[in-house]
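Notes follow the structure.
Since every read-out is calculated from the coordinates, none of them should be taken as a lab result. Just so you know, these numbers come straight off a predicted model, no measurement behind them. Using ideal geometry, Cβ is built from the backbone for each residue, glycine included, and neighbour counts are taken over all protein chains shown.
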Amino acid sequence: MGLIRVAARTAVISGTATAVSGRVAQRQALQYNEKVQAQQAAAPAAPAAPAAAPAADDSMAKLQQLAELHGQGVLSDEEFTAAKAKVLGI
């Protein structure tokens, strides 16, 4: 009977340890997921490509407008070159 009692006690202790370990792992996973979600909510979602596209479109529109003014004779060659350099950031 002593051997069966020791085996039963070992099984109970092992089962309890496994259950506690699983619960701890589950709790840690939940905390990690909450932390990740909080970081994602706090971080601003700023896509790089769409932010650059309007700036490029705006620059192109300004350059086209300058070219039209230059073609109409409103801007001289020097004025056109200076305005183009300003738009391009040169």
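If the chain linking A11 and E78 were pulled fully straight, counting 0.36 nm for each residue of separation and taking away their Cα-Cα distance, it would gain 15.0 nm. The residues packed around A17, meaning those with a beta-carbon under 14 Å from its beta-carbon, carry a net charge of +2 if Lys and Arg are +1 and Asp and Glu are -1. Between helix 2-42 and the chain, what is the angle of the helix's C-alpha long axis to the longest principal axis, kept within 0 to 90° and rounded to the nearest 10? Tilt relative to the chain: about 10 degrees. Within a straight-line Cα-Cα reach of under 19 Å, K62 can be paired with the following lysines, leaving aside sequence neighbours fewer than 8 residues apart in one chain: K84, K86. Counting only DSSP H runs of at least 4 residues, each contributing -39500 (n - 2.57), and dividing by the residue count of the chain, the helix-based mean residue ellipticity at 222 nm comes to -31000 deg cm²/dmol. Relative to the longest principal axis of the Cα atoms of the chain, the long axis of helix 77-88 lies at roughly 10 degrees. Shape analysis of the chain places it in the prolate category; the axes a ≥ b ≥ c from the Cα gyration tensor give an a/c of at least 1.5, with a/b above b/c.
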